[in-house]
Amino acid sequence: MENKTILEELLLKKSQQKKKISPVNYKKRLFVLTKASLSYYEYDKEVKTRRKKGSIEIEKIRCVETVNLEELTPVARQYPFQIVYKGGLLYVYAANEERRKQWLAALHKGNTRPLSANVFK
């Protein structure tokens with residue numbers, strides 16, 4: 001039952017800026033949450049194909065929380081949340097407050113240990 005989908009949705013993801021000269025960009029990705037992992041995919045709606053772009057084991061997630069908005073934030077980026085995990089940070093944007101709360105609750109519930117910004121192994 002580790003691979004049973006808990007939540008699945010197209011969300012906006014901010015680039016992770018792995019290279020210093022990379023521009024900041026935002027792309028729609030299909031996020032899939034299971035008991036074992038949070039994965040995101042490049043998704044072609046017309047062909048219904050998906051290519052995995054990344055995956056985080058649930059046990060490696062250290063913190064999940066809402067993010068304060070920047071000034072003049074576009075409508076598509078009004079509901080951000082961040083996922084801090086061992087090895088990185090993801091900024092994700094939900095379509096509305098209800099969807100953001102659902103993702104936050106599911107990510108907190110799926111993690112067997114308390115999530116805190118102060119817990120890093």
Put in order of increasing Cβ neighbours within 10 Å, starting from the fewest, I6, I61 give I6, I61
Dividing the surface of the Cα convex hull of the range 5-110 by four yields a projected area in nm² of 7.3 nm²
With +1 at each Lys and Arg Cβ and -1 at each Asp and Glu Cβ, the charge dipole magnitude of the range 5-110 around its Cα centre, to the nearest 20 debye, comes out at 480 debye
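Laboratory data are not the source of any read-out in this text; all were calculated from the coordinates shown. In this text the structure is predicted, and so the values were computed from the model without any measurement. FYI the Cβ positions are ideal-geometry reconstructions off the backbone, even for glycines, and counts take in every protein chain you see.
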